[in-house]
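Structure first, commentary second.
The values are calculated or read from the model by the stated rules, or taken from the named source; none is laboratory data. These figures come from a predicted structure and were not determined experimentally. Positions of Cβ are generated from backbone atoms using ideal geometry, with glycine treated the same way; all protein chains shown enter the neighbour counts.
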Amino acid sequence: MWRKNSTIGDYEVVEMDLEKRHAILRIKNYHIHPLMCQTYMGHFEGLAQMMTGKKFVIKEIKCTFRGDEYHEFVVGAKD
């Protein structure tokens, strides 16, 4: 799905635990603008909620704009 909507960057699921409703998502080779980090956080939150009907919290734990090699997001259930 990433390739249908983006011509740059690579997306991967690093870790997923459906039972605990927890995932780590990574975007590599993507260095556009820091506002896109917030956009993707909202996108991931909406997708998770749409797929499960539950509320989620998204946190960016790595970012190329802070000197990291890639963007990494934690998707966690909001209890």
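Out of all the residues in the stretch 34-45, is one or more in contact with a His (Cβ under 8 Å, 6 or more places away or on another chain) and farther than 16 Å from Gly76 by Cβ?
At the first step, the residues of the stretch 34-45 found to be in contact with a His (Cβ under 8 Å, 6 or more places away or on another chain) are 37, 40.
Going one step further and asking which of them are farther than 16 Å from Gly76 by Cβ, we end up with 37.
Checking the stretch 34-45: at least one residue is in contact with a His (Cβ under 8 Å, 6 or more places away or on another chain) and farther than 16 Å from Gly76 by Cβ.
Where strands (runs of 3 or more DSSP E) sit wholly within the chain, those with at least 1 residues that are at pLDDT 85 or above and loosely packed, with under 12 Cβ neighbours inside 10 Å occupy 10-17, 56-62.
Is it the case, given these coordinates, that Phe44 is among the hydrophobic types (A, V, I, L, M, F, W, C), free of Cβ contacts under 8 Å to residues at least 60 places away in the same chain and out of contact with any strand residue (DSSP E or B) (no Cβ under 7 Å at 6 or more places or on another chain)? Talk me through it step by step, then tell me what you get.
Working: among the hydrophobic types (A, V, I, L, M, F, W, C): yes; free of Cβ contacts under 8 Å to residues at least 60 places away in the same chain: yes; out of contact with any strand residue (DSSP E or B) (no Cβ under 7 Å at 6 or more places or on another chain): no.
So Phe44 fails the test.
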